[in-house]
1. Amide H to amide H, which residues 5 or more places from L451 or on other chains are under 5 Å from it, using H placed in the peptide plane?
2. Among N154, L549, V288, whose Cα lies farthest out toward the positive end of the dipole of the chain, if unit charges sit on the beta carbon of Lys, Arg (+1) and Asp, Glu (-1)?
3. The range 253-361: which GluC sites (Glu not before Pro) are DSSP loop and have at most 11 other beta-carbon atoms within 10 angstrom?
4. Residues of the range 351-393 with the amide nitrogen closer than 20 Å to a label point 7 Å from the Cα of E468, along Cα-to-Cβ, please.
5. Given an 8 Å cut-off on Cα distances and at least 6 residues of separation, report the relative contact order of the range 104-224 as a percent.
6. Of the options F483, A537, G521, report the single residue whose Cα projects farthest towards the positive end of the charge dipole of the range 462-615 (beta-carbon charges: Lys, Arg +1; Asp, Glu -1).
7. Filter the cross-link list K171/K493; K370/K414; K414/K472; K165/K227; K370/K426 down to pairs whose alpha-carbon distance in this structure exceeds 18 Å.
8. Which aspartates and glutamates, if any, have their Cα less than 15 Å from the Cα of K526, not counting same-chain residues under 8 positions apart?
Amino acid sequence: MSRPTRRTVNRALLAAAALSPWAAAWGTAAAPAPAAGGVKRLRYAFPIAETGFDPATISDLYSRTVTAGIFEALLGYEYLARPVRLKPLVAEALPDISSDFRRFTFRLRRGVFFADDPAFGGRRRELTADDFVYAIKRHYDPKSNSPNVYLLENARLLGLSELRKKALADKTPFPYDAPVEGVKALDRYTLQFNLAEPGPRFHQNVLADSSAFGAVAREVVEFYGDKIAAHPVGTGPFRLGEWRRSSRIVLERNPTYREVLYDEQPPADDVEAVAMAARLKGRRLPLVDRVEISIIEETQPRWLAFLNGQLDVLERLPAEYSDIAIPNNQLAPNLARQGITMSRAPLVDVTLATLFNMEHPLVGGNAPEKVALRRAIGLAYDTGEEIRLVRRGQAVPAQTPIAPLTFGYDPALKTEMSDHDPERAKALLDLFGYVDRDGDGWREMPDGSPLLLEYASQPDQNSRQLAELWQKNMRAVGLRIRFNIAKWPENLKASRAGRLMMWGVAWSAGAPDGDTFLALGFGPNKGQANHSRFDLAAFNDLYLRQNRLPDGPERQRVMRDAALLMVAYMPYKLSSHRIATDLMHPWVSGYRRNPFVREFYQYVDVDAGQQARQA
């Protein structure tokens, strides 16, 4: 592909933007002015709109990518270390853990302050252990309707679930001032968690997630009330500078952020990462002054904006451009000549071709005929074609929900989940009475009532391609399917409430452990991680068992058994684990994808002068 001229790209960008809802807020005419005075701006885009920035109420990746840079958890993950490695964040050190994995004690760093905010009345506000106690309790407050409380309830923090149940039963405000053994401040800087059951990975899987479990100041929440999602105030390297919902998010350097210096330790055999770390060593974080995030749902405008230098990083190259940008998974020579570089790594995720609402009268339930219907739909769906045509080979088939790079993943395991076998699907449908009774070419329910699948989707190009594949695959086995189109945040809300029959989405890990993928099927997680509302006693028992076991062969076996139950009952038709390729312009340095560090942007540097010259 020859290099497009700036005039050609601008013309194409304007034409594409004229058809895109992105144009009104971020079109070419409204592009930011070139960097001046050495101000460093990192510009990139989300393909899906955010939902808000209150850690207690969000679960989507894009909102959490923002909150991860504003709030800080006790622990985090080193940016360049491979394998990934935990580090203290606002804790002085890794926790003191009791031998039975039930007590976790942290000492906080002194001199950590929240970003300045009117809620503090003009005073500097130091972080204390009570801020973490309050932040954890907010997830238990029924008013928050937290999609993340399942992580804490599964960990069995002493006394907190009881407070939640009482508030729900009595319809009374959550008693934030009631002391509980589960999370308590021993003094101003000492925090302790106490669990009813062993939690060998509690600190790793929960307390290292800044996006959901960072410290929150009570006076900020009380000051902003129902508007708290638009006023995140944390101790992290950035603060929210601007927010136009579903359009533009700007993060600004937090001027009161403490001195944290770049000191990454990459593996010695990664020559590029070693050089990167050496160049940036000793620099104060964050390295940029602003992060400007646009919401560009359509892939063509996002791709053209990057080519035109209006985005500095193209995170997750759209699959349809992979043949152009990375033929044979190598950077195209014309892009390399422009100084563009690439970073390629597996996403620690699983794409769900669909979830099945297990409480829906048509596709739900564990009766044999319902299991047969879901398995037939799964066999009729062509995962291989999805990976070839929609994802352009940038994924591998999923055999179970557990993703690569997490404990519990078995690369040698092959299951029915990846099979495409329309004849077997037809035989299953015939066997259980899903046949065409009226001769119109479409199958009916065993009782003769209509069989119409309803699939929630979005108005973007990728979703349209997947819908076409679903339509084709279901028609091949005589199943009628209808698509209900809505914006992604609307579908998320409806899914959590159990109002969708089927919906395709993805699930990502925040820690290198397969528990988060098995959580998709744990009954008590309904409406949170468990969007399918699957509830099977045998699975629930296995999930709890693996959750309490230390890592080792026994836990691996239990996780495998649990995963195979999800394959057999098919509350989800899993399709793939994706591979991401990110592209960077030559004025960007320090970028390296780490699946467990959402706030990568604090480690990335921008040459503002070169960026301005290319504008």
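Just so you know, all these numbers are worked out from the coordinates, no wet-lab data involved. The structure presented is a predicted model; accordingly, all values stated were derived computationally and were not measured. Because the Cβ atoms are built from the backbone with ideal geometry, glycine has one as well, and the counts that use them run over all protein chains shown.
1. Sorted by chain and number, the residues that satisfy this are M445.
2. V288
3. E259
4. Within reach of a label on E468, which here means backbone N under 20 Å from a point 7 Å along Cα→Cβ, the range 351-393 contributes 353-354, 381-393.
5. Relative contact order for the range 104-224 comes out at 35 percent.
6. F483
7. Violating the 18 Å limit, Cα to Cα: K171/K493; K370/K414; K414/K472; K165/K227.
8. E153, E359, D535
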